[in-house]
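First comes the structure, then the notes that go with it.
The values are calculated or read from the model by the stated rules, or taken from the named source; none is laboratory data. A quick note: this is a predicted structure, and the numbers were derived from the prediction, not measured. Methodologically, a virtual Cβ is constructed for each residue, glycine included, from the backbone with ideal geometry; neighbour enumeration extends over all protein chains shown. Keep in mind that these areas ignore ligands, DNA and RNA; they rest on the heavy atoms of the full protein, side chains included. Shrake-Rupley method; radii C 1.70, N 1.55, O 1.52, S 1.80 Å.
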Amino acid sequence: MSVIEYLKPYYRLNFHRIKMNTWLLQGYRSAHRPPSEGDDAERDSASRANRAMEELVKLSTAGDERALFSLQLEQLCGQLALGVQSALESPQRYRSLLTALIAYDRQSSDEEMDLDLFISRNSYQDGYYQEEHEERMNRKKMDYIAARNRISNHIQRRIDAYQITTAGDWKTRIRTAAFAIATALSLSIAYSLTTVKTAPALIIMVLTVGYLAAFTAGIFRDITALIEKYRK
């Protein structure tokens, strides 16, 4: 357990970076299915996803990628939500990022229409509609606000879903790592100390100890998290 706790900060950084890039890449692909499959289309999607992640990191933690991805998952998603609100303030500039975050399905283009409406009406804040009839201008403002709210809520639901699925993947990998480490340690100890050298007996002993170690590691992890929570 102590080995896992020591390595978690280093592993968490790469884990969150890879998961975030994959999430944005999937979102971008769902909105921009290339007309033909190929290496060029794949590289273009990957490049745009990387750029979207750079923009999201810039908006969330002023470009400090290490600071963002070393956070606990709940804190990371909170920072993402703040970054999204900043992107919504300048939708023209961050359209690619918003497209990847929305991840609308091209078979159902409601979110795409909302994004187009939101960007086109964003200019009213600069006085673009000052000479229009007041009633018409107010209607456009209401359409703009409604589109922004729908987009914001949709992205927040996607962040919530990302948090849930990522938390599950993180727990699975930690349990797998605990089992692997415990199995390796128990194998070396059992082979050096026990008088039983037959393969079946060693395998049964190692798997039993590894499973028990992985199970108790999860319990101790929950206890540690509870202690840290009360300390805060």
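At a glance:
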quantity	calculated
Pick from region 64-76, criterion under 16 Å from ILE18 (Cβ atoms) and not hydroxyl-bearing (Ser, Thr, Tyr), ranking: most open to solvent (accessible area, probe 1.4 Å)	ARG66
Failed condition for LYS8, given (1) at pLDDT 75 or above; (2) more than 23 Å from SER86 (Cβ to Cβ); (3) open to solvent by 60 Å² or more (accessible area, probe 1.4 Å); (4) not hydroxyl-bearing (Ser, Thr, Tyr)	(3)
Yes/no for GLN85 being at pLDDT 90 or above, within 24 Å of ASN153 (Cα to Cα) and of a type outside the set (A, V, I, L, M, F, W, C)	yes
Which numbered condition ASN21 fails, given (1) at pLDDT below 85; (2) under 20 Å from the mean Cα position of the chain (by Cα)	(1)
Pairs where the first residue, in region 12-23, is without any contact (Cβ under 8 Å) to a residue 40 or more places away in the chain and the second is surrounded by fewer than 18 Cβ atoms within 10 Å (Cβ to Cβ) and part of a helix (DSSP H, G or I), C-beta under 9 Å, 6+ apart	ASN21/ALA46; ASN21/ASN50
Unique residue being within 13 Å of the chain's Cα centre (by Cα) and modelled with pLDDT under 90 when the list is GLY38, GLY27	GLY27
Residue pairs meeting the criteria (Cβ under 7 Å; at least 6 apart or on separate chains; first among the β-branched types (Val, Ile, Thr), in region 58-86; second assigned to a helix (DSSP H, G or I) and at pLDDT 90 or above)	THR61/ALA67; THR61/LEU68; THR61/GLN79; VAL84/ILE155
Enumeration of residues in region 153-196 that are open to solvent by less than 80 Å² (accessible area, probe 1.4 Å), at pLDDT 85 or above and aliphatic (A, V, I, L, M)	ILE155, ILE159, ALA161, ALA167
Matching residues in region 87-99 - criterion: being in a helix (DSSP H, G or I) and surrounded by fewer than 15 Cβ atoms within 10 Å (Cβ to Cβ)	GLU89
